[in-house]
Amino acid sequence: MGAGLTGVDHLGLAQPFDHFDEAGLFYRSVLGLDQLTTEEYAAPFGLMRSRAFATGGRTIRLALTVALLRRGDWAPAVVDPQHVAFATGDIFATAAAIGPALAVPDNYYDDLTARFALPAETVERLRRFGILYDRDAAGGELLHLYTPVHGGRVFFEIVQRSGGYDAFGETNAPVRMAAHRHLRLASR
């Protein structure tokens, strides 16, 4: 039985601090990608920066990330995790087909209810499958889930976009990072 994946949505590439701007320049000048956004957010181990690039038709999307500050034991064992995000037209069917996703803490879903006023049954369905949610100012939506880290450095994301949502769910990155960290520490 298939998992309902329809293609690659984007690649997430971690960069060393000293090469972050250089990598962005390469993607813009050599590959001709458009720079979309630059976001900064707090992670369990310090401040992160994410810079998104894409072609005009969004056939290629990249999200570069870099740790701006690291704090001792808070740093994850996986220094520069990379990820591939696959697209799906029905994330709930895909989630059921691929099995358990990265466990997301319950307080994330309590916050969703407060931020977006989603119906309780929608939030419960998201919670059951470990799916994260974001909505942009125009009403576009992103549903996405993550796998644990595989092979020591790579994890996967499943993405369902609707209503013209064009970002990468950056507001959920700290939740994903904390969940990956929690899983790693629990498996020691």
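The values are calculated or read from the model by the stated rules, or taken from the named source; none is laboratory data. No experiment lies behind these values; they were computed from the predicted model shown. Cβ atoms come from the backbone with ideal geometry, glycine included; neighbour counts cover every protein chain shown.
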Count - residues of segment 1-28 that are outside any loop (DSSP other than H, G, I, E, B), within 16 Å of R49 (Cα to Cα) and either hydroxyl-bearing (S, T, Y) or touching a residue at least 12 places away in the same chain (Cβ under 8 Å) (or both): 8
Neighbours by Cβ (under 7 Å, 6+ apart or cross-chain): first from segment 128-139, surrounded by 13 or more Cβ atoms within 10 Å (Cβ to Cβ); second among the β-branched types (V, I, T): G130/V104; I131/I91; L132/V104; L132/V175; D134/T171
Counted residues, segment 81-95 - those being over 17 Å from E141 (Cβ atoms) and in contact with a helix residue (DSSP H, G or I) (Cβ under 9 Å, 6 or more places away or on another chain): 2
Check on A43, at pLDDT below 90, of a type in the set (A, V, I, L, M, F, W, C), surrounded by 16 or more Cβ atoms within 10 Å (Cβ to Cβ) and on the phi < 0 side of the Ramachandran plot: yes
Residue within segment 133-147 that is within 23 Å of L5 (Cβ to Cβ) and either modelled with pLDDT under 95 or of a type in the set (S, T, N, Q) (or both) present: yes
Qualifying residue in segment 135-153 (condition: of a type in the set (K, R), out of contact with any helix residue (DSSP H, G or I) (no Cβ under 7 Å at 6 or more places or on another chain) and part of a strand (DSSP E or B)): no
Tabulated pairs, segment 161-176, first modelled with pLDDT of 95 or more, second part of a strand (DSSP E or B) and of a type in the set (K, R), C-beta under 7 angstrom, 6+ apart or interchain: none
Unique residue being in contact with a Phe, Trp or Tyr (Cβ under 9 Å, 6 or more places away or on another chain) and aromatic (F, W, Y) when the list is F168, F156: F156
Subset of segment 77-100 [at pLDDT below 95 and either under 21 Å from A63 (Cβ atoms) or among the basic types (K, R) (or both)]: V78, V79, D80, P81, Q82, H83
